[in-house]
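The values are calculated or read from the model by the stated rules, or taken from the named source; none is laboratory data. Here the structure is a predicted model, which is why all the values come from computation and not from measurement. Cβ placement follows ideal geometry from the backbone for every residue including glycine, while neighbour counts extend to all protein chains displayed. Surface accessibility is based on the protein's heavy atoms, side chains included, excluding ligands, DNA and RNA. Shrake-Rupley method; radii C 1.70, N 1.55, O 1.52, S 1.80 Å.
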Amino acid sequence: MATPRRDASPHDAPRRDTRGIVDAADFLARVRFRRPEPAPALRPWVEHYWLIDWDLTEPYVSHVVPHPAVHLVFQRFEGQEPFAEIAGVQQGLFAQKLEGRGRVCGVKFRPGGFRPFAPDRPVSHWTGRRIHLTGTDPAPVLAPADESDRVAALDAHLLALAPRPDPQADLAMALVARVRADRAVRRVADLADGAGLSVRLLQRLFAAHVGVGPKWVILRYRIHEALERAETREAVDWAALAADLGYADQAHLVRDFTATVGVPPAAYARHRTA
């Protein structure tokens, strides 16, 4: 059973897109979670901010199947000094222990949208890494009691970095968005053909601006779709879903889901409906 926050309020409902969060209902019962939008000037590169506050009576470990996105995260955990870090694309299941009181203010860059803020390195440099920003003071973002002031501080921090226009980043963002929205994109070669690129050039583009390869992105969004279906209380025809997502058969979907989430999809769905 979920351990609710001591300050939970029915007016704190976040946007309902929780794709990637494992056992999203349980997570939302424990923390206050919001996704405010950035300033209009930042929206070409930033998908949204994400704000989490918690006040727990016992420890809780959250799990997320990460998106192909880089995050800038300001964090305050009970008993620790606040800090800021860059989190590159995490390729495995991400786990975070929450206990006591804490706060996180994060920036989710659009897949492909981080490079204009850090043009000196390919985004693959950050993949799988979480790097503390020793010269960044997290207090202006974490300290304000008013949520709008925290959002304004995130805006100010990013705008001060003066992101540079980058047509290659624009192309990478458009291609990832296509993969995310269009189930018909199932093969790297098809994505490359649609962009007028060779497979090799597409792979280079993704390494430089997304941080992971196009095949990984295609597979990850398939798993997100399967996870979202498993989160519902409706019976899922896994064989039909596997075919709809472009898998050769159900066994391939089960293998990928199990490797990513840790349990087979049917077992996960049974746990969610129990």
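So the values come out like this:
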item	result
Yes/no for P14 being at pLDDT below 95 and over 23 Å from G128 (Cβ atoms)	yes
Subset of region 67-88 (residues that are of a type in the set (V, I, T) and either open to solvent by 40 Å² or more (accessible area, probe 1.4 Å) or under 11 Å from the mean Cα position of the chain (by Cα) (or both))	V70
Looking only at region 213-229, and only at residues there that are open to solvent by less than 30 Å² (accessible area, probe 1.4 Å) and touching a residue at least 40 places away in the same chain (Cβ under 8 Å), the one that is farthest from V22 (Cα to Cα)	V217
Residue tally, condition open to solvent by 20 Å² or more (accessible area, probe 1.4 Å), part of a strand (DSSP E or B) and in contact with a Pro (Cβ under 9 Å, 6 or more places away or on another chain), over region 35-66	2
Qualifying position, being in a loop (DSSP other than H, G, I, E, B), within 19 Å of V46 (Cα to Cα) and of a type outside the set (V, I, T), among R178, R121, R150, R183	R121
Residue selected from region 243-261 under the condition over 28 Å from L28 (Cβ atoms) and either under 24 Å from the mean Cα position of the chain (by Cα) or open to solvent by less than 30 Å² (accessible area, probe 1.4 Å) (or both), by the criterion modelled with the lowest pLDDT	G246
Unmet requirement for G135, which otherwise passes all of (1) closer than 28 Å to T260 by Cβ; (2) open to solvent by 30 Å² or more (accessible area, probe 1.4 Å); (3) modelled with pLDDT under 95	(1)
Subset of region 230-253 (residues that are in a helix (DSSP H, G or I), closer than 20 Å to A181 by Cβ and in contact (Cβ under 8 Å) with a residue 40 or more places away in the chain)	E231, D244
Among the candidates L205, L197, residue that is at pLDDT 85 or above, open to solvent by 30 Å² or more (accessible area, probe 1.4 Å) and under 21 Å from P122 (Cα atoms)	L197
Matching residues in region 91-116 - criterion: being outside any strand (DSSP E or B) and crowded, with 21+ Cβ neighbours inside 10 Å	R110, P111, G112, G113, F114, R115
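Okay, residues lined up against (1) in contact with a helix residue (DSSP H, G or I) (Cβ under 8 Å, 6 or more places away or on another chain); (2) of a type in the set (K, R); (3) farther than 20 Å from I52 by Cα; (4) at pLDDT below 95:
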site	(1), (2), (3), (4)
P140	yes, no, no, no
V151	no, no, no, no
A156	yes, no, no, no
L159	yes, no, yes, no
A172	yes, no, yes, no
D182	no, no, yes, yes
